[in-house]
Amino acid sequence: MPSDPPRKPRPRSGARDVNPSKPLDLNTPEIRSNVNSTRGTTFRAQWRAYAAAHRWAVLGTLAQFRRMPYTTALTCVALGIALAFPAVLFVLLQNVQQVTARWDGAAQISLYLKTSTTETQALKLAEQLRTQPDIGKVDYISKARALEDFQRYSGLGDALALLGENPLPPVLVVHPKDAQVKPDAVQRLVQTLQTNPAVDVAQWDMQWLQRLHGLIAVGQRAILVIGALLLIAALVVVGNTIRLAVQNRTQEIKVTKLIGASDGFVRRPFLYSGFCYGLTGGLFAIGVVSTVLWALHDPVHAVALSYSSNFELHGLGFELSALLLAAGIGLGLTGSWLSVSRHLRAIEPGVA
Amino acid sequence: MIQFSNVTLRFPTGHDALNDVSFTLNKGELAFLTGHSGAGKSTLLKLVAAIERSTTGQVVVNGENLNRIRRSRVPAFRRNLGIVFQDHNLLHDRSVFDNVALPLVIEGFRGEEIARRVRAALDKVGLLGKESFFPVTLSTGEQQRVGIARAVVNRPALLLADEPTGNLDPELAREIMRLFEEFNQVGTTVLVATHDIELIARKRHRRLILKQGRLDADTNH
């Protein structure tokens, strides 16, 4: 047992903010006067403390990047590609949808009337159809006009002359009222028109559009699946990098924990790293997507011109770019959070 | 400040690192923990710092029962300790300033206050003016003093040191020991583990002597 009694009354205990008078030479009056404000409740004081803690974390993150520059770069690139690939597919598909949307507007139904139908009957039917709410415009093509068109465009006019009699039926071309009408609505209209006794065949010229819509749906689903797989891959890549970083800093983590750092404090620099990976990966992805679209732009435009279309490939746009960045940051943060939470617990001072 | 009651720590191998150790270290005391290497000095300090938990017996430090402390409470508990390591355990990619500032940053002090306290602590160990140096550019003795500055910068109630003079020549070792005495004189409870009997032989301080995991002697000179 001690022979010396305590030399001085000691006002210290665990509750350091309760009693600011402290021993050591550190306890200059200047410092003492500030003790109460150090962990003040004012917003300003809290912000300053926060800034000090974050400065520490940022320095740690930068040191981590310096220590493993290649792994850092590779992680960002991998993340970027994982984001860029589905994004490119998505943008292309969006363009396809845009093109077909224009075609939808041109959806028209050809009603081949029975050859016995007279012109008056045909015109009367046309008039009747125009009054239907879902039909916009009805054009009448008489037998003679059909023959004329056929001769002009097919180059088989001479062959028709051999038949003696005009074999072509009169045609009513029906345009649905709504320019952006849905394929199944058109399909219903076709079925109704088919029941008209004067109609021989009702044909939807753009039936293949329906199939295209089906294909687009398949494409969308495929992008979703590919995107999900790449997302998991990106998480694994980030997680692995953070795991390496945690291992690299095992000693430092032990020391900071010994000094009293909470898990949150130790975790923070790694979350910052994840954020940086995500941000850089997202920017990289935007670059990749823009480059790919730029490379495709001219050839696509050339093809469009050959179809006498003014189609221009649409780019990423602001919203999609923001989405890519957000996705990158989200992935980076999630990956590092999962990894650091998993590996941090294992690192305790004293445990070799 | 520290209370050990019949503390035994048995490793999974069956070896007893500490065997039935009981002692009390009061607030404001300075004690040296001595014994041959392997006698259990480091293990005892690890129990005090909540790094290890005792197999049987009770460890109470700073009013906290360490047998029952929750994992989430450990960081807050450790903020009341200052620990000096034999191998300094400095962070080599951080400046001297940042190393010493770490406990304050963890505790949530703000920038100006951190700067003031770090300078005061560095002044105390005679390293003022070396804030921007990196640990590798300092001598072993200077590194050890940075470690001490870091341990005392947040004015812990209890200062633990594990072989703080292990790598130092006698002159530096005496200097370091003087520092611990000075901290003790202003009220800090200090527990120093050392096998350097000569260094403390002439000092009239309490000595806890460990021998093969048992408390062999508890003397005052």
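The values are calculated or read from the model by the stated rules, or taken from the named source; none is laboratory data. Treat the numbers as computed from the prediction; the structure is a model and nothing was measured. When we count neighbours, we look across all protein chains shown, and the Cβ atoms used for this are built from the backbone with ideal geometry, even at glycine.
So the values come out like this:
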item: The stretch B:101-127 - residue that is at the interface with chain A (Cβ under 7 Å from one of its Cβ atoms), closer than 26 Å to B:Arg73 by Cβ and not hydrophobic (A, V, I, L, M, F, W, C) and, of those, surrounded by the fewest Cβ atoms within 10 Å (Cβ to Cβ); result: B:Gly108
item: Check on A:Arg211, closer than 30 Å to A:Leu123 by Cβ and surrounded by fewer than 17 Cβ atoms within 10 Å (Cβ to Cβ); result: no
item: In the stretch A:310-326, the residues that are over 21 Å from A:Thr61 (Cβ atoms) and in contact (Cβ under 8 Å) with a residue 24 or more places away in the chain; result: A:Phe311, A:Leu313, A:His314, A:Gly315, A:Leu316, A:Leu320, A:Ser321, A:Leu324
item: Any hit, the stretch B:76-96, residues being surrounded by fewer than 17 Cβ atoms within 10 Å (Cβ to Cβ), over 14 Å from the mean Cα position of the chain (by Cα) and not assigned by TED's automatic domain parsing to the domain that holds B:Gly147; result: yes
item: Out of A:Gly317, A:Gly287, sole residue that is modelled with pLDDT of 90 or more and assigned by TED's automatic domain parsing to the domain that holds A:Gln94; result: A:Gly287
item: Complete set of residues in the stretch B:154-193 that are among the polar types (S, T, N, Q) and within 21 Å of B:Asp87 (Cα to Cα); result: B:Asn154, B:Thr165, B:Asn167
item: Residue in the stretch B:185-194 that is surrounded by fewer than 20 Cβ atoms within 10 Å (Cβ to Cβ) and either within 12 Å of the chain's Cα centre (by Cα) or in a helix (DSSP H, G or I) (or both) present; result: yes
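Okay, residues lined up against (1) surrounded by 13 or more Cβ atoms within 10 Å (Cβ to Cβ); (2) modelled with pLDDT under 80; (3) in contact with a strand residue (DSSP E or B) (Cβ under 8 Å, 6 or more places away or on another chain); (4) not assigned by TED's automatic domain parsing to the domain that holds A:Val88:
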{"residue": "A:Lys114", "(1), (2), (3), (4)": "yes, no, yes, yes"}
{"residue": "A:Leu125", "(1), (2), (3), (4)": "yes, no, yes, yes"}
{"residue": "A:Tyr140", "(1), (2), (3), (4)": "yes, no, yes, yes"}
{"residue": "A:Asp149", "(1), (2), (3), (4)": "yes, yes, yes, yes"}
{"residue": "A:Leu162", "(1), (2), (3), (4)": "no, yes, no, yes"}
{"residue": "A:Val190", "(1), (2), (3), (4)": "yes, no, yes, yes"}
{"residue": "A:Pro197", "(1), (2), (3), (4)": "no, no, no, yes"}
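Table: residues versus (1) exposed (fewer than 13 other Cβ atoms within 10 Å of the Cβ); (2) out of contact with any Pro (no Cβ under 7 Å at 6 or more places or on another chain); (3) assigned to a helix (DSSP H, G or I).
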{"position": "A:Ala52", "(1), (2), (3)": "no, yes, yes"}
{"position": "A:Thr61", "(1), (2), (3)": "no, no, yes"}
{"position": "A:Tyr70", "(1), (2), (3)": "yes, yes, yes"}
{"position": "A:Val77", "(1), (2), (3)": "no, yes, yes"}
{"position": "A:Ala82", "(1), (2), (3)": "no, yes, yes"}
{"position": "A:Leu89", "(1), (2), (3)": "no, yes, yes"}
{"position": "A:Leu92", "(1), (2), (3)": "no, yes, yes"}
{"position": "A:Leu129", "(1), (2), (3)": "no, yes, yes"}
{"position": "A:Pro133", "(1), (2), (3)": "yes, yes, no"}
